[in-house]
Amino acid sequence: MRRTACRLLYAGCLWLGFAGSGLAAGLPAPVTQELKAAGIPLSAVAVVTQAVDDAHPRVALNPASPMNPASTMKLLTTFAALDLLGPAFAWQTEALISGRLADGVLEGNLILRGGGDPKLTWEHLGGLLQQLRARGLREIRGDLVLDRSAFAAESSDPGAFDGESLRPYNVAPDALLVNFNALSLTLVPDAAGATVSILVEPPLANLDLINRLQLDPAAECGDWRESLRADVIVRGATLRLVLSGHYPARCKEQRWNIALPEHTLFVAGVFRALWQGLGGQLAGAVREGLTPPEARPFAVLPAPTLGEVVRDINKYSNNVMARQVFLTLGLAAGQRPAGSADGAAAISRWLAMRGLSFPELVLENGAGLSRRERISAASLTRLLQAAWRSPVMPELMASLPVVAVDGTMKKRLHENGVAGQAHIKTGSLEGVKSMAGFVLDRQGRRWIVVFLVNHPRAAQAGPAMDALLQSVWERGG
């Protein structure tokens with residue numbers, strides 16, 4: 001017992017010694033040079049490198065400091081989900097009928113009951129509607145009822161985080177989230193006609209699109225979205241989208257993704273457009289409600305598996321999908337409707353079950369799109385070491401961006417030896433830049449690497465992070 005306590009005391013002193021030393025704790029010289037060039041003090045940085053099979057770190061700078069991790073928090077949410085639910089877990093979106101169905105006519109209501117599917121695209125919803133037609137349903141004389149009771153309603157302002165209410169990353173989770181509640185606009189410039197035409201996906205039967213875009217033949221492409229404006233106006237059951245600004249002709253075709261604020265109206269517009277396209281009719285309204293006890297199952301749309309969803313979340317840092325998984329953990333634990341506190345509680349219980357103590361951990365939505373969330377570099381290291389030893393390691397590893405190959409790391413370190421040799425989750429917010437993952441060094445040994453920066457100049461920390469990845473590949477951690 002005394003030996004165990006001494007070992008724990010030694011490990012704690014090791015972490016705290018590094019954290020309070022004020023030294024770079026073995027930080028490679030190129031990394032410290034890049035941080036100095038960026039104007040970022042070591043006090044605003046936490047770094048750990050540790051071999052996956054070692055008990056102690058090789059490098060540890062401020063490892064115990066609670067830091068905002070940005071999107072590297074998704075590692076905690078996705079690992080917990082894979083471990084608790086299993087990679088083959090699949091959400092279900094159900095269609096139920098209430099009333100009499102005869103000769104293709106439903107004298108009653110159709111209910112769509114959401115199960116929290118993070119990837120219910122409009123094409124997938126179209127597949128469910130095709131099932132309805134194949135099963136004989138043609139005309140609905142009642143209402144379309146949207147049952148989104150699996151998740152607790154969030155009364156948050158989508159623009160509260162950064163003032164960008166129409167950005168898809170700010171979309172709130174929803175048990176019946178269709179196409180991320182977002183439109184994808186393809187902007188097609190016509191130099192001859194001096195116009196910009198717009199292709200819209202998905203089709204919305206209740207969309208009133210006002211195109212006031214002007215083509216600019218001389219402007220450089222650059223950040224073309226900065227010169228455009230989108231305004232969404234809700235008028236009864238209609239969504240009016242007004243586009244204005246100058247679009248550079250040199251940009252050629254570009255995609256502009258815009259989130260709409262009204263979940264119910266968005267689902268109504270998509271459903272009516274798809275249903276009419278299949279020859280179906282809906283006489284009643286589209287409204288929210290609970291599934292009545294007498295409703296009968298009619299068709300089920302299985303979602304992609306959790307393993308597939310986790311890949312999308314981590315490769316492309318999809319915030320709303322991560323938040324859907326976070327709430328699903330609460331739902332799977334028996335909480336209905338499941339809210340953010342239920343997701344956080346489920347993860348806390350899972351950490352305790354795995355013997356992982358992260359006393360500094362603060363969870364808000366599990367996606368890292370937060371000013372409140374906190375975790376230390378030491379805790380992220382222990383999380384990744386536990387993941388490395390777990391049965392779901394292959395699924396989690398495959399979900400991480402590969403340096404210079406794909407995802408959020410696709411454009412980095414192409415000319416370096418570490419290209420293709422590291423699986424790294426990235427994160428970025430105003431004042432925050434982060435990375436965490438695994439590096440295979442040139443000797444074939446695998447290392448955990450965690451690098452967190454919380455500082456007004458954090459956006460300039462990319463070269464320092466790249467230098468660390470290259471150093472670990474060349475010489476080990």
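Since every read-out is calculated from the coordinates, none of them should be taken as a lab result. Here the structure is a predicted model, which means the values were calculated and not measured. Cβ sites come from the backbone with ideal geometry, for glycine too, and all protein chains shown count toward neighbours.
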Excluding residues on the same chain fewer than 8 positions from K425, give the lysines whose Cα lies under 19 Å from its Cα. K74, K315, K410, K411, K433
If packing is taken as the average number of other Cβ atoms within 10 Å across a peptide's residues, how do 237-248, 265-276 rank, most packed first? 265-276, 237-248
Given a cut-off of under 8 Å on Cα pairs at least six residues apart, what relative contact order in percent is computed for the chain? 23
Give the residue list of trypsin sites (Lys or Arg not before Pro) in the range 129-192 that are DSSP loop and have at most 16 other beta-carbon atoms within 10 angstrom. R135, R138, R141
The range 223-320: relative contact order as a whole-number percent, Cα under 8 Å and 6+ apart: 16
With the dipole of the chain worked out from charges on the C-beta (+1 for Lys and Arg, -1 for Asp and Glu) around the Cα centre, which of V178, G284, L265 lies farthest toward the positive end? V178
Principal-axis tilt of helix 462-475 within the chain, Cα atoms, nearest 10 degrees: 60
Show me 415-421, 75-81, 214-220 ranked by packing, highest mean number of other Cβ atoms within 10 Å first. 75-81, 415-421, 214-220
Arranged from highest to lowest average of other beta-carbon atoms within 10 Å per residue, in what order do the peptides 380-390, 360-370, 182-192 appear? 360-370, 380-390, 182-192
Are there trypsin sites (Lys or Arg not before Pro) in the range 406-449 that DSSP marks as loop and that have at most 11 other Cβ atoms within 10 Å, and which are they? K411
Restricting to DSSP H runs of at least four residues, report the calculated mean residue ellipticity at 222 nm for the chain, -39500 (n - 2.57) per run over all residues, nearest 500 deg cm²/dmol. -9500 deg cm²/dmol
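Treating only the Cβ of Lys, Arg, Asp and Glu as charged (+1, +1, -1, -1), what charge dipole size does the chain show about its Cα centre? Round to the nearest 20 debye. Kindly include the intermediate steps, with their values, before the conclusion.
Values: 47 positive and 42 negative charges, 248 e Å.
I would put it at about 1180 debye.
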In degrees from 0 to 90, rounded to the nearest 10, what is the angle of the helix 74-85 Cα long axis to the longest principal axis of the chain? 70
Taking 32 Å as the cut-off for C-alpha to C-alpha distance, list the pairs among K119/K252; K36/K252; K36/K119 that go past it. K36/K252; K36/K119
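Given Cβ point charges of +1 (Lys, Arg) and -1 (Asp, Glu) and nothing else, what value in debye, to the nearest 20, does the dipole of the range 134-262 about its Cα centre take?
400
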About its Cα centre, how strong a charge dipole does the range 225-326 have in debye, to the nearest 20, once Lys and Arg get +1 and Asp and Glu get -1 at the Cβ? 320
For the chain, the longest principal axis of the Cα atoms and the Cα long axis of helix 340-353 enclose an angle in degrees, to the nearest 10, of 40
Rounded, prolate or oblate: which fits the range 90-304 when a ≥ b ≥ c are the square roots of the eigenvalues of the alpha-carbon gyration tensor, with rounded for a/c under 1.5 and prolate only if a/b beats b/c? prolate
Using the Cβ atoms and a cut-off under 14 Å, what net charge is assigned to the surroundings of V52, where Lys and Arg are +1 and Asp and Glu are -1? +2
